[in-house]
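Just below is one structure, and these are the notes that go with it.
The values are calculated or read from the model by the stated rules, or taken from the named source; none is laboratory data. Keep in mind that this is a model prediction, so the values were computed, not measured. Cβ coordinates were reconstructed from backbone atoms using ideal geometry, including for glycine residues, and neighbour counts include every protein chain displayed. Accessible surface areas use protein heavy atoms only, side chains included; no ligands, DNA or RNA. Shrake-Rupley method; radii C 1.70, N 1.55, O 1.52, S 1.80 Å.
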Amino acid sequence: MAKFILKRVAISVVSMLLLITVTFFLMHAIPGGPFSPGEQKDLKPEVLEAIRARYGLDLPVTQQYANYMKNLAHGDLGVSMKKTNYTVNELLAGSFPVSAQIGMLAVVMALIIGIPLGIIAALKRGSAADMVSMVLATIGISIPTFVIAMLLMYLFCMKLAWFPTFGWGEAKHFILPVVCLCLAPIANITRLIRSSMLEVVRQDYIRTARAKGLSELMVIGKHAIRNAILPVVTYVGPLVASLMTGSFAIERMFMVPGIGRYFVNSVSDRDYTVIMGVTIFYGAFIMVCTLLVDIAYAWIDPRVRFDS
Amino acid sequence: MKRTKKVLALLLSLCLAATMMAGCGGGDDSADNGDGSSGGDKKRITYANGAQPEAMDPVSSVYAKYSILKYNIYCGLARISEDGVAELGYADDYTVNDDMTVWTFHIREGSKFSDGSDLTAHDWVETMKYHCAPETAARSTTMEEYVLNMTEYVAGECEWEDVGFKALDDNTLEITLAFPCTYFLDVACTYVPYKVDVIKENPNWAKNPETYITNGPFRIVELNDQVNVLLEKNPYYYDAENVAIDEVNFVFLDDPAVELAAYKNNEIQVSDNLSAESIKTYRDTDEMTAAERIGVNYLTVNTNRISDNRIRKALAYSINKDALIQILGSTNLPATGLVPYGIHWGDEQWRDKAGDLVTYDIELAKQLLADAGYPGGEGLPTYKYVTQNDEESVNKAQALQSMWKEVGINTEIVTFEPSTYWDVFDTEDWDIAADGWTGDYDDPNTNLFLWEAYREQDPDGTLKDARWVNEAAAEYDRLMKETYTELDYETRMNLFVEAEKVLVDDMPILPVFFYTDTMLVKPEVTGVLKCYIGHVFFQYADIVE
């Protein structure tokens, strides 16, 4: 087990370095920069040069890369070039908890609703319950979240006035974003569970369990679920990472002060340090989540351990 | 037993979920949540400020978004009056010498910062010294550079002692200008005092209401990054007795669609980031106001590539601006020159007095093309039109393309995202480029200075390739230079008229719109002022039942 984990960590570190390097050079290769002369007509060229020098942008890109890596080794992600007086560490520390809260809630909701729905659909295959949950699942996957967000906002904020259209800090501000975020995962989980469950209940050992005279609850709850849940575990790792690190569309629609908006805004603003910071953070987070999933997998399914 | 265990497990997970929900609501209960909930009996206005400004302090800010906050929490030597013109602010009196270069302001006795500390002429001096110091690297020092030797000080080429900004005593400020300036009171509105000692001690002062000390009609009581800034009436403001509103909540909404929803829901009372849909909905109601802003939207022509001014004029005269405005669903006005509405000539609109210089005239456009040797556009190359890739810019580009096509001029539209657009602009690899400018003060110079020759230089002193360099440009430059030294008001205004005529006659730029600012205000809210630069002021506002 220790060897398995060690190997995975080593792979993660290499991928991380690769990610940082590729992002850094790609970012500098795209046209435009954080400070453009034409945008601010009354800024004198000398002042612009001074600003660029202040952020080290006057150096050759390779030199900038070396400097960046040096600072990164100390855990310093630099200062934002657009959001003045903020370090990237500060930005992440302020916005990640917000996104993580609604993201985690969405994950929990998705599991609580998605797993039972998938099991019911599989067990009552072909029944009305199956049809309904599959239709819901298809809708959940095919309608983009921002459309759902707009519909919910129109219905609950404007027509019924149950929730405010913006604001942050109280439970009432959480509900709609969480609902929007968990719909697609519920749909995915339902489908995953349903298909793997259908496969599992046809296995010989399930027949054996039934033949032994175990109750249906025991057969499903103890024997079937353990195997049927494996694909969901794989899915949950990246899901946790992507939901906890925020969604640009949802955060923009509901004015959630989370990390999601930095993904998009930093790129269109060419805020180099924030692009790097967010990428590194997201990369590291997703790697940790995947690692945890692999470990959990090995724990649930001994076959993985032996294979490796 | 087993059953009890299961029930217990279920209960436990429910509890967990519940605590999680509760945890989300955590933090400080007394805090305002940025929504429109009212503050009890207090008179509160909630205003959507668009997205949060990138910089939240006056030193690093560049954009108008912060300026709106700035002029509600700070007040300069002069301020914008209820009628939208400059009047005395923290100065209660001033004298000026005959050639309009030495302005002496008397600061009100007993002036205070928002924390109750004394505010004297020395604070203005300290502020200027700090703001313009090369090591501060302030993002904008344009207005400060009216002061004698300030340009040199900003560049680190002279000492502070040489700069014409002196406190003669606690209440007297003597400002010597680099050139005569008749509209200096407008400029003095932007000279606000910072609490410099606090700023120097706390690099993070602008993130904390305690250290965010100001002197305007309101002061900051709460700062929630990316959510809102809550202001309360500043009891130390010199004119506090005339401020009726207790609290103004600036909320940051990125999306005009959400802003419209929030306005419809009465969660915000003042909204000024209006989408075409909002304008359509509220166009004919009393809740919507449209006021001129001193800005103009124009197209810059690469005069090096389109060197015949008859072709440039043909491009200008074939633009049907009324149709364009209708297509875009905007409230802008057709630009008939380069000096927009909102700039005054005495008590009148400067534009009305100077008259219309460019109007839609397709026959004239065709004639000009024929005169230039390209009847019906035959033989002309396809021009490259560059613009940003947002919906409005693209729609505008397509409308222009079809208008030009009508006279036989073919264009190719190339769009860029906003962050690369200005870099593309600087490459000068285009024939026509979308452009625009909003001025800073009520004087034609604020728009017309853009085309003076010194602005057309690269850092090494050579002239930019694409820019306007010919006899007309030289004549324009000469006329503009004269306006800096001419002290007689009427003569000076007439010089601007002449200069603008030279510009429009050679057409290195094609005027398109004069900007107007639109704003929605709930009927119970009165006195919200949107001034000529588009800033919103709440100090004259009130809520009437």
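The single residue among A:85, A:71, A:67 that is open to solvent by 40 Å² or more (accessible area, probe 1.4 Å) and within 14 Å of chain B (Cβ to nearest Cβ) turns out to be A:85. Out of all the residues in the stretch A:128-143, is one or more β-branched (Val, Ile, Thr), away from chain B (no Cβ under 13 Å) and touching a Lys or Arg at 6+ places or on another chain (Cβ under 9 Å)? Checked against the condition, which is being β-branched (Val, Ile, Thr), away from chain B (no Cβ under 13 Å) and touching a Lys or Arg at 6+ places or on another chain (Cβ under 9 Å), the stretch A:128-143 yields at least one hit. Within the stretch B:197-212, the set of residues being open to solvent by less than 30 Å² (accessible area, probe 1.4 Å) and not hydroxyl-bearing (Ser, Thr, Tyr) comprises B:198, B:199, B:205, B:206. All of (1) open to solvent by 20 Å² or more (accessible area, probe 1.4 Å); (2) within 18 Å of the chain's Cα centre (by Cα); (3) of a type in the set (Ser, Thr, Tyr) hold for residue B:298 with one exception: (1).
In the stretch A:164-183, the qualifying residues are those that are in contact with a helix residue (DSSP H, G or I) (Cβ under 7 Å, 6 or more places away or on another chain) and at the interface with another protein chain (Cβ under 10 Å from one of its Cβ atoms), and the one that is surrounded by the most Cβ atoms within 10 Å (Cβ to Cβ) is A:166.
Give the residue, chosen from B:285, B:303, B:289, that is away from every other protein chain (no Cβ under 14 Å), open to solvent by less than 30 Å² (accessible area, probe 1.4 Å) and of a type in the set (Ser, Thr, Tyr).
Numbers: B:285 fails: open to solvent by less than 30 Å² (accessible area, probe 1.4 Å); B:289 fails: open to solvent by less than 30 Å² (accessible area, probe 1.4 Å).
Every option except B:303 fails the conditions.
If you take the residues in the stretch B:68-91 that are open to solvent by less than 20 Å² (accessible area, probe 1.4 Å) and in a helix (DSSP H, G or I), which one is farthest from the other protein chains (Cβ to nearest Cβ)?
Initial filter on the stretch B:68-91 (open to solvent by less than 20 Å² (accessible area, probe 1.4 Å)): B:68-69, B:72-78, B:80-81, B:84, B:89-91.
From what's left, in a helix (DSSP H, G or I): B:68-69, B:72-73.
Numbers: B:68: 17, B:69: 14, B:72: 20, B:73: 17 Å.
Across the stretch B:68-91, the extreme among qualifying residues is B:72.
Within the stretch A:245-259, the set of residues being more than 11 Å from every other protein chain (Cβ to nearest Cβ) and at pLDDT 85 or above comprises just one member, A:250. Got a number for residues in the stretch A:222-264 being more than 16 Å from the chain's Cα centre (by Cα) and aliphatic (A, V, I, L, M)? Of the residues in that region, 7 qualify.
Put simply, of B:483, B:518, B:491 the only residue that is within 26 Å of the chain's Cα centre (by Cα) and free of Cβ contacts under 8 Å to residues at least 60 places away in the same chain is B:483. Among the residues of the stretch B:380-409, the one identified as within 23 Å of the chain's Cα centre (by Cα) and of a type in the set (Lys, Arg) is B:396.
Kindly indicate the residue of the stretch B:213-231 that is farther than 20 Å from residue B:42 by Cβ and at pLDDT 95 or above and also most open to solvent (accessible area, probe 1.4 Å) among those meeting that condition.
Step one: filter the stretch B:213-231 for residues farther than 20 Å from residue B:42 by Cβ, giving B:213, B:215, B:225-226.
Restricting the remaining residues to those that are at pLDDT 95 or above gives B:213, B:215.
Working: B:213: 16, B:215: 0 Å².
Selected residue: B:213.
Do the conditions hold for residue B:542, that is, is it open to solvent by 20 Å² or more (accessible area, probe 1.4 Å) and under 24 Å from residue B:453 (Cα atoms)? The answer is no for residue B:542. Of the residues contained in the stretch A:191-211, one or more are found to be touching a helix residue (DSSP H, G or I) at 6+ places or on another chain (Cβ under 7 Å), farther than 30 Å from residue B:268 by Cβ, of a type in the set (Phe, Trp, Tyr) and open to solvent by 30 Å² or more (accessible area, probe 1.4 Å). Screening residue B:263 on (1) more than 19 Å from residue B:113 (Cα to Cα); (2) open to solvent by 10 Å² or more (accessible area, probe 1.4 Å); (3) at pLDDT 90 or above; (4) within 11 Å of chain A (Cβ to nearest Cβ) shows it passes everything except condition (2). Restricting the stretch B:234-279 to residues that are among the small types (Gly, Ala, Ser) and in a loop (DSSP other than H, G, I, E, B) leaves a set whose member that is nearest to residue A:254 (Cα to Cα) is B:275. Do we have residue B:324 as in contact (Cβ under 8 Å) with a residue 24 or more places away in the chain and open to solvent by 10 Å² or more (accessible area, probe 1.4 Å) here? No; evaluated as a whole, the condition is false for this residue.
Among the residues of the stretch A:285-292, is any closer than 23 Å to residue A:23 by Cβ, surrounded by 24 or more Cβ atoms within 10 Å (Cβ to Cβ) and either assigned by TED's automatic domain parsing to the domain that holds residue A:181 or touching a His at 6+ places or on another chain (Cβ under 9 Å) (or both)? No, that holds for no residue.
Scanning the stretch B:395-412 for residues being surrounded by 16 or more Cβ atoms within 10 Å (Cβ to Cβ), touching a strand residue (DSSP E or B) at 6+ places or on another chain (Cβ under 6 Å) and more than 19 Å from residue B:327 (Cβ to Cβ) gives a total of 0.
Does residue B:223 satisfy being in a helix (DSSP H, G or I) and of a type outside the set (Gly, Ala, Ser)?
Working: in a helix (DSSP H, G or I): no; of a type outside the set (Gly, Ala, Ser): yes.
No, not satisfied.
Please specify each residue of the stretch B:113-157 satisfying the condition of being open to solvent by less than 40 Å² (accessible area, probe 1.4 Å), over 20 Å from residue B:183 (Cα atoms) and not in a helix (DSSP H, G or I). Correct list: B:113, B:114, B:116, B:117, B:119, B:120, B:133, B:137, B:138, B:139.
For residues in the stretch B:371-394 being assigned to a helix (DSSP H, G or I) and out of contact with any Lys or Arg (no Cβ under 9 Å at 6 or more places or on another chain), which is surrounded by the fewest Cβ atoms within 10 Å (Cβ to Cβ)? Spell out how you get there, then give the answer.
Taking the stretch B:371-394 and keeping what is assigned to a helix (DSSP H, G or I), we get B:371, B:375-377, B:391-394.
Adding the requirement that they be out of contact with any Lys or Arg (no Cβ under 9 Å at 6 or more places or on another chain) leaves B:391-394.
Numbers: B:391: 10, B:392: 14, B:393: 18, B:394: 14.
Going through the qualifying residues, I end up with B:391.
Please verify whether the stretch B:158-166 includes one or more residues that are open to solvent by 50 Å² or more (accessible area, probe 1.4 Å), in contact (Cβ under 8 Å) with a residue 24 or more places away in the chain and within 15 Å of residue B:77 (Cβ to Cβ). The answer is yes, given that some residue of the stretch B:158-166 is open to solvent by 50 Å² or more (accessible area, probe 1.4 Å), in contact (Cβ under 8 Å) with a residue 24 or more places away in the chain and within 15 Å of residue B:77 (Cβ to Cβ). Screening residue B:109 with (1) touching a residue at least 40 places away in the same chain (Cβ under 8 Å); (2) away from chain A (no Cβ under 14 Å); (3) part of a helix (DSSP H, G or I) gives one miss only, at (3). Residue count for the stretch B:330-370 under the criterion of being assigned to a loop (DSSP other than H, G, I, E, B) and aliphatic (A, V, I, L, M): the result is 6.
When the test is whether a residue is under 25 Å from the mean Cα position of the chain (by Cα) and open to solvent by 60 Å² or more (accessible area, probe 1.4 Å), residue A:142 passes it. Select from the stretch B:479-490 the residues that are part of a helix (DSSP H, G or I) and open to solvent by less than 60 Å² (accessible area, probe 1.4 Å) and list them in ascending order. If the condition is that a residue be part of a helix (DSSP H, G or I) and open to solvent by less than 60 Å² (accessible area, probe 1.4 Å), then B:479, B:480, B:483, B:484 are the ones that fit.
Could you tell me whether residue A:50 is modelled with pLDDT of 90 or more and either part of a helix (DSSP H, G or I) or among the aliphatic types (A, V, I, L, M) (or both)?
Working: modelled with pLDDT of 90 or more: no; either part of a helix (DSSP H, G or I) or among the aliphatic types (A, V, I, L, M) (or both): yes.
No: the conditions fail for residue A:50.
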